[in-house]
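The block underneath contains the structure these notes are about, expressed in structure tokens.
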Amino acid sequence: MILAKFKSLLWTDFFLYTIVDPRSLYRQIGKNDPKPFLLSFTVPAITSLAGILTQSLLSVQSSFFYTKITYGWILVFIFDSFLIIISAALMDMLAQLLGNKGNIREMISLINYSHLPRAFILPIVYIFVILQFAPVFMYVFFSTVLFIWSAFIAILGISEMHSLDTGKSLLIFIFPYLFTSVSFFFMIFLAVVSALSYLV
Amino acid sequence: MDRNRKILISILSMLVFTAVIAIVHISMNLNEQTAVTLSMKTPQFGAGVAIVRIEGPIGFSVDRSPLHLARGSEAVIKRLNELEKNSNIRAVIVRINSPGGTVAATQEIYNKLWKLRKKNIQLIASMGEIAASGGYYVASACNYIMANQGTITGSIGVIAAAPNLKGLFERFGIKMNVIKSGKFKDIMSSHRDMRDDERELLQQLIDLSYNRFLKDIALGRNMNESDIRPYADGRVMTGETALQCKLIDGIGTFEDSVYKAKELAGLASDAPVYEEEKSPIEEILFSMETLFYGRNILKEQFNMDDYYRLEYRLVP
């Protein structure tokens, strides 16, 4: 059964729509055939491995590299997945506050798939490593470009999910980043004030 | 649709292929494994030896620490106070690497050490590169003094110095208007010659401090003042000469001092040694202090306050 579904290549539609048509991606997730949730976690698995390999290409490695791509990769994958679940939860929370119906399971799947462009950092940077043409700069530059592409997929997916305009979808998308930034700012500010009050 | 799926499969295969190639590429360029040494400190318990370090010129901290961290002689006394309260400390090694310092600051450390000595805490002075004048004064409070063969020590004496800039003032036509309540109020002024009565007054002051120095050394070393006086003319000497003059008890390294401290305190050879350590937070605060602590270059180069100090200090 599973093998038959694998051979049908229907599962590739999630990845295909992620790249070519993000709105169709959500529609495909909504169909729930094949089930997208667990499959979506292959994306952070791929991107975490690609991230480790890309960063390793930028400098000379010791034999610790083998630990990084085995145990380290699992650690990064778990951490990335955790961040995705938290950010998806925050996005879903804001979507509900804006009067939409919550659907955390689909939101997690959507955010997972939206990370797929980040996997392309490896072949892109590898080309510049081989050419020895500013690989570090290109890594930073293309990381930014791929993040924007990834954000674009997520925003269009959220827009399709809740039938929202792009502005509100953007707001939902950036909410976790805003929330984290503001929280950290106040945490650091209060920590500094407390420390200085104690010392002075 | 099938064509698009196959294209996607190709893209994913390309990603996998790139990953494999990248792993091979990195493996071929692996550097030799660098040995990573992790220094793990195990907590120490029980009766042991503590270390106190006196480094640089001895003096009170003139400027208040912005972060309320003890500096100068106050930091040494603070450390000694902590050790005094710690019942595990049976001996203290006073590691000295100092050319001396101001009279009052040196005496404060001496008196504090003497208090510890009275409490039957064994004190061992370990002299480093230099332990002269006030550095030796502090060491004399200890039960046992150990120095290296090449340690510079001695310089028993008191000094006060101020430049006479009268000629310079006259050359530039600078005149000082001085209104004073007594004839000695502007003693050691740099714009005029020193009067005889002023010189006499300062000499008395110097002699008093010198005599106190001699008395304290004699007390600490359990010697007669008359035995010390021949060498207490400000002369510097090496550790070996100091041993011959009985100003120290033995020649040895810092490590030897640790063994000696354990021996005098009746501790086992593997008894813990409590090094003076700052917590990571204190290290951060100390490094932060340099950011807050504005330095006035002019003040450092020409600080008039320095000329009104009596010092037990080796002045080269």
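Of all residue pairs spaced 6 or more apart or on separate chains, none has beta-carbon atoms under 7 Å together with a first member in region B:131-145 that is within 15 Å of B:Cys245 (Cα to Cα) and a second member that is among the polar types (S, T, N, Q) and surrounded by fewer than 24 Cβ atoms within 10 Å (Cβ to Cβ). Against the numbered list (1) among the hydroxyl-bearing types (Ser, Thr, Tyr); (2) more than 22 Å from A:Asn32 (Cβ to Cβ); (3) modelled with pLDDT under 95, A:Ser163 comes up short only at (2). Among the candidates A:Phe79, A:Phe65, the residue that is closer than 28 Å to A:Phe141 by Cβ and exposed (fewer than 14 other Cβ atoms within 10 Å of the Cβ) is uniquely A:Phe79. Screening A:Ala4 with (1) more than 9 Å from chain B (Cβ to nearest Cβ); (2) more than 19 Å from A:Ser114 (Cα to Cα); (3) surrounded by 15 or more Cβ atoms within 10 Å (Cβ to Cβ) gives one miss only, at (3). Looking at region A:144-164 only, could you name the residues that are more than 15 Å from A:Ser109 (Cβ to Cβ), of a type in the set (A, V, I, L, M) and touching a Lys or Arg at 6+ places or on another chain (Cβ under 9 Å)? Residue satisfying the conditions is A:Leu146 alone. Taking the criterion of being surrounded by 14 or more Cβ atoms within 10 Å (Cβ to Cβ) and not in a helix (DSSP H, G or I), the only residue of region A:147-200 that qualifies is A:Leu164. Going through (1) in contact (Cβ under 8 Å) with a residue 24 or more places away in the chain; (2) surrounded by 11 or more Cβ atoms within 10 Å (Cβ to Cβ); (3) in a loop (DSSP other than H, G, I, E, B) one by one, B:Pro163 falls short only on (2). Counting only helices (runs of 4 or more DSSP H) that fall entirely inside region B:176-274 and contain at least 1 residues that are of a type in the set (Phe, Trp, Tyr), the qualifying elements are B:196-221, B:254-265. Pairs linking a residue in region A:1-26 that is on the phi > 0 side of the Ramachandran plot to a residue that is of a type outside the set (Val, Ile, Thr) and part of a helix (DSSP H, G or I), with Cβ atoms under 6 Å and 6 or more positions apart or on different chains, are A:Leu9/B:Arg5. Filtering region B:176-212 to residues that are touching a helix residue (DSSP H, G or I) at 6+ places or on another chain (Cβ under 6 Å) and closer than 17 Å to B:Thr106 by Cβ leaves only B:Ser209. Mind checking whether some residue in region B:211-229 is of a type in the set (Lys, Arg) and farther than 26 Å from B:Ala125 by Cα? So far as region B:211-229 goes, no, none of its residues is of a type in the set (Lys, Arg) and farther than 26 Å from B:Ala125 by Cα.
A search for C-beta distances below 9 Å between a residue of region B:170-187 that is loosely packed, with under 10 Cβ neighbours inside 10 Å and any residue that is assigned to a loop (DSSP other than H, G, I, E, B), counting only pairs 6+ apart in sequence or on different chains, returns B:Lys175/B:His191. Exactly one condition in (1) within 30 Å of A:Tyr126 (Cα to Cα); (2) in contact (Cβ under 8 Å) with a residue 60 or more places away in the chain is not met by A:Ser143; state its number. Failed condition: (2).
Only one entry in A:Ile84, A:Ile108 is within 15 Å of A:Ile46 (Cβ to Cβ), surrounded by 18 or more Cβ atoms within 10 Å (Cβ to Cβ), away from every other protein chain (no Cβ under 14 Å) and in contact (Cβ under 8 Å) with a residue 24 or more places away in the chain, namely A:Ile84. Can you work out which of the residues in region A:19-34 that are part of a loop (DSSP other than H, G, I, E, B) and loosely packed, with under 13 Cβ neighbours inside 10 Å is farthest from the other protein chains (Cβ to nearest Cβ)? Step by step, filter region A:19-34, then rank; the result is A:Asn32.
Considered as a group, the residues in region A:51-68 that are within 7 Å of chain B (Cβ to nearest Cβ) and among the hydrophobic types (A, V, I, L, M, F, W, C) include one that is nearest to A:Ile127 (Cα to Cα), and that residue is A:Leu57.
The values are calculated or read from the model by the stated rules, or taken from the named source; none is laboratory data. Just so we're clear, the structure is a prediction, and the values are computed from it rather than from any experiment. Reconstructed Cβ throughout: ideal geometry from the backbone, glycine too, with neighbour counts over all protein chains shown.
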